[in-house]
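For reference, the structure discussed in these notes is given below.
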Amino acid sequence: MTEPPSMRIAAELRAQIERGELASGERVPSAREITRRWGVAIATATRVLAALRDEGLVRAVPGFGTVVLDRRETGCSNGACATSSTAWPPTWAARDLRDGGLPSPILSTNH
């Protein structure tokens, strides 16, 4: 039995994150980009992004897109990303709650 397209595409993007090809703070392909690049339905592309979010590898930033989280926050190290439920919630969630839900430093204008 073959792997579903959403799992195959998520694995490709996960590997790019693990290798550092998609760096912390960098946008991952949008659902529309995924549909064009891999020739899949929008529902499949949405499942891809949801899987990466569920693993704590990316975060949706309203008005900006979906970005790669810092490797220290995702549990990724030495080319391996934590995919178990113990990696959830990632530390950015606690930090955002502590800071009153302010935007992450990725979008901060205070450099």
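The values are calculated or read from the model by the stated rules, or taken from the named source; none is laboratory data. Just so it is clear, the model here is predicted, and its values are computed rather than measured. Here the Cβ positions follow ideal geometry from the backbone for every residue, glycine too, while neighbour counts run over all protein chains shown.
Summary of computed values
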| read-out | value |
| --- | --- |
| Within the range 20-44, tally of residues that are closer than 24 Å to residue 70 by Cβ and either out of contact with any Gly (no Cβ under 7 Å at 6 or more places or on another chain) or without any contact (Cβ under 8 Å) to a residue 24 or more places away in the chain (or both) | 12 |
| Residues located in the range 20-31, provided they are touching a Ser or Thr at 6+ places or on another chain (Cβ under 8 Å) and among the hydrophobic types (A, V, I, L, M, F, W, C) | 28, 31 |
| Residue list for the range 16-34, restricted to those being of a type in the set (A, V, I, L, M) and surrounded by fewer than 16 Cβ atoms within 10 Å (Cβ to Cβ) | 23 |
| Hits in the range 46-63 - residues which are in contact (Cβ under 8 Å) with a residue 24 or more places away in the chain and either in a helix (DSSP H, G or I) or under 14 Å from residue 8 (Cβ atoms) (or both) | 47, 48, 51, 52, 54 |
| Candidates 2, 83, 66, filtered to the one that is among the polar types (S, T, N, Q) and either part of a helix (DSSP H, G or I) or modelled with pLDDT of 90 or more (or both) | 66 |
| Search result, residues across the range 5-19 that are touching a residue at least 24 places away in the same chain (Cβ under 8 Å) and not aliphatic (A, V, I, L, M) | 5, 6, 14, 18, 19 |
| Selection count, the range 1-19, where residues are touching a Ser or Thr at 6+ places or on another chain (Cβ under 9 Å) and over 18 Å from residue 69 (Cβ atoms) | 5 |
